[in-house]
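*Asks:* Quick one: the structure is below, questions incoming.
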Amino acid sequence: MIEAIVLDWAGTTVDYGSRAPIIAFKNAFAHFSIDLSEATIRQDIGLDKMTHVRKLLQEPEISGSWEANHPTIPLTHAAEKIYAQFQLEINKVLVATADLKPGVTDLVRFANSHHIQLATTTGYTQAMLDQILPLAAEQGYNPAYNITSEQTNHVGRPKSDMVDLAMKKMEISDPTHVIKVGDTVNDVLEGKNAGVISIGVAEGGNLIGLSQQAFDQLTVEERARYRIKAAAILKEAGADEIINNLTDLIPLIESLDDQQHKVPLLLTPGPLTTSQTVKETMLVDHGTWDDDYKALTQWVRHELVAIGNASEEDYTAVLMQGSGSFGVEAAIGTAVPKKDATLLIAANGAYGDRMIEIAEYLAIPHVVLQVPEDQVITLAAVEEVLAAHPEITHFAVVHCETTTGILNPIETIIPALATKGIITLVDAMSSFGGIPIDLEQLHVDYLITSSNKCMQGVPGFSIVLAKKHTLLKTKENARSLALDLYAQYQTFEKSEGKWRFTSPTHVVYAFAEALRELDQEGGVSVRTHRYQTNETLLREGMQDLGYKLVIDESVQSPIITSFKFPTTDFDFRAFYDYLKDRRFIIYPGKVSKCDSFRIGNIGEVSAEDIHHLLDLIKTYTKETLQLPVGN
């Protein structure tokens, strides 16, 4: 969603043809008996004017003319004298060339009706700009922020400092929601260096250089040639888009907003936002019996074991069609024997409760350790239940319970139970791939995840990383044909990657691409750092805005964060729709003891995305909820 437009002045919004600086430069140099061509001057229009003078004096022919005409004045003093004369000359023409270009007032009306802020950057000094501002305001153009290089320690174009300052003043953190518009190469470069959408204007700008009357008198073919030539130069400089005039900017902004609205950012614990390349991988159809596909399946299984820091001698990856719950049910239903076995389920949220429901459906004898949703499951609590129930043979727990975002300490619980000979199952649905997990060190027997969580693939299959010698003892344990983990494993092994039943081919190819992108990002530890950065920014930013956490930050995972409703009459649906209309999808809360909502930090999500989300929530909190907000 476009939040701001940063516009140039001469040649973009006023002074059709950018005539004022050309006249002033030409007359200033002529005052010192140096004749400059218009083409020479226009090469660097857009720079800070003193910088422009110095650059012109670097030309051997120009510096030679100065030394020949003014032998008693060192070249080192020439820039100051010429610049002083330029200031006199520009003041003579600024007022005469301050008429708005066509389309400016239309753009102002559009920006106002769409709550888009307007700012400007310029190569003019503040004194020069002060002459233009009241004249532009009389014509209906009055940008809120007008930045000169005097406000940025005299650092002007093509560097980004002026745009950066404009964004800071407008309280915009995400440059991809800002458009920079200008008619010169230096304008384009300024926008590119700031990371904003950089748009070049052809008509009435520096690169055509004709007055409006002169341009209108050209034939249609001649005008087209001028536009094409100017557009080519701006495009070569790196412009993201080229427009003929500012009227063309309106449909372009509407198109950009439409594109952004069509690509929502899922701030959820899965499904989550995936990369464009992951999505594009699914555009090709594949057969399930194809040797290449079977080989890819085997490669995926191999990579998953490696990501779990385990060897294929000890562990294997079994892929199961369906969502993560399919994998959890397959693991529980296969791991626990039909006789002489009892499962202990430790639950502190909705997904622990789901394992209880699975055990009840499958008629598996089980004991429940119920822990409050805002507290972690501890080894001491587990051992207390074990002491009271010596019949327990298996143990199941959720690693990251996304009901709240709490992270249960499996690194202390699972190894301790392994020494007792208890078979362990860990639902790592929302943590594997986003938090480092070492299967070998944990001695975990079964770890379950899915294709659409921190691995950043799409929904379609679940994954069970199983200790081989444990899995091989489970033949005929399964309570289901389709969810027989042992049988699925045997088919993969004996048929070299063939799935038992029709598999989600497109999803598997997308997942393989996601695995490659995880490696390109730097692996799990680097991804963890990105997720943790997102979570910290979100948590601290929301607290600054007055939103309170559901759980203590000491047990907070980097996966998803839960916040309490800010008021008793808070309308979550209105809040949700406000964010959805602006491209962000969040989750309602699942905590039973308080009203809450959840925001995910995983997927193809950057710190810039979190900053933009916080800006939106700040606006909503202040304007809609009418609550005071922090910085």
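*Asks:* Taking helices (runs of 4 or more DSSP H) that fall entirely within region 476-564, which contain at least 1 residues that are among the basic types (K, R) and touching a residue at least 60 places away in the same chain (Cβ under 8 Å)? I'd like the intermediate steps shown before the answer.
*Replies:* Numbers: elements: 485-494, 505-521, 524-544.
Once the helices (runs of 4 or more DSSP H) in region 476-564 are filtered for at least 1 residues that are among the basic types (K, R) and touching a residue at least 60 places away in the same chain (Cβ under 8 Å), what remains is 524-544.
*Asks:* Hey, another quick one. Among the helices (runs of 4 or more DSSP H) contained in region 161-254, which hold 1 or more residues that are of a type in the set (D, E, K, R) and under 17 Å from P102 (Cα atoms)?
*Replies:* Details: elements: 161-170, 185-194, 212-216, 220-236.
Ranges flagged: 212-216, 220-236.
*Asks:* Looking at (1) over 30 Å from I250 (Cβ atoms); (2) in the same structural domain as T247 (by TED's automatic domain parsing), which is the only condition T72 fails?
*Replies:* For T72, the exception is condition (2).
*Asks:* If you don't mind, there's one more thing I want to ask. Given the criterion touching a residue at least 40 places away in the same chain (Cβ under 8 Å), buried (at least 21 other Cβ atoms within 10 Å of the Cβ) and under 30 Å from K580 (Cα atoms), identify the matching residue among V201, V181.
*Replies:* The unique qualifying residue is V181.
*Asks:* Quick check on my filter: what residues within region 537-586 are farther than 30 Å from I116 by Cβ, surrounded by 14 or more Cβ atoms within 10 Å (Cβ to Cβ) and more than 23 Å from the chain's Cα centre (by Cα)?
*Replies:* L549, V550, I551, V555, K564, F565
*Asks:* Name the one entry in A482, A514, A478, A487 that is surrounded by 14 or more Cβ atoms within 10 Å (Cβ to Cβ), over 30 Å from I413 (Cβ atoms) and either touching a Gly at 6+ places or on another chain (Cβ under 6 Å) or at pLDDT 95 or above (or both). Give the steps one after another, and end with the answer.
*Replies:* Working: A514 fails: over 30 Å from I413 (Cβ atoms); A478 fails: over 30 Å from I413 (Cβ atoms); A487 fails: over 30 Å from I413 (Cβ atoms).
One residue alone meets the criteria, A482.
*Asks:* If you don't mind, another one. How many residues does region 597-613 hold that are touching a residue at least 60 places away in the same chain (Cβ under 8 Å) and either assigned to a loop (DSSP other than H, G, I, E, B) or more than 11 Å from the chain's Cα centre (by Cα) (or both)?
*Replies:* 9
*Asks:* Name the residue that is farthest from the chain's Cα centre (by Cα), counting only residues in region 278-293 that are crowded, with 17+ Cβ neighbours inside 10 Å and either in a helix (DSSP H, G or I) or not aliphatic (A, V, I, L, M) (or both).
*Replies:* Y293
*Asks:* So, one more: In region 120-129, is there at least one residue being in contact with a Leu (Cβ under 6 Å, 6 or more places away or on another chain), among the hydroxyl-bearing types (S, T, Y) and not in a loop (DSSP other than H, G, I, E, B)?
*Replies:* So far as region 120-129 goes, yes, one or more of its residues are in contact with a Leu (Cβ under 6 Å, 6 or more places away or on another chain), among the hydroxyl-bearing types (S, T, Y) and not in a loop (DSSP other than H, G, I, E, B).
*Asks:* May I ask you to list pairs of residues, at least six apart or on different chains, whose Cβ atoms are under 7 Å apart, with the first in region 423-446 being more than 17 Å from D353 (Cα to Cα) and without any contact (Cβ under 8 Å) to a residue 40 or more places away in the chain and the second being part of a strand (DSSP E or B) and hydroxyl-bearing (S, T, Y)?
*Replies:* Correct list of pairs: V444/T424.
*Asks:* Which one of L189, L207, L218 is closer than 20 Å to A166 by Cβ and aliphatic (A, V, I, L, M)?
*Replies:* When all the criteria are applied, what remains is L189.
*Asks:* Anything in region 96-132 that is of a type in the set (D, E), closer than 27 Å to A194 by Cβ and in contact (Cβ under 8 Å) with a residue 60 or more places away in the chain? List them, or say none. Before the answer, list the steps.
*Replies:* Let us first name the residues in region 96-132 that are of a type in the set (D, E), namely 99, 106, 130.
Filter again for closer than 27 Å to A194 by Cβ, leaving 106, 130.
Residue satisfying the conditions is D106 alone.
The values are calculated or read from the model by the stated rules, or taken from the named source; none is laboratory data. Bear in mind that the values here come from a model prediction, so they are computed numbers and not experimental data. For neighbour counting, all protein chains shown are included, and Cβ atoms are generated from backbone atoms with ideal geometry for every residue, glycine included.
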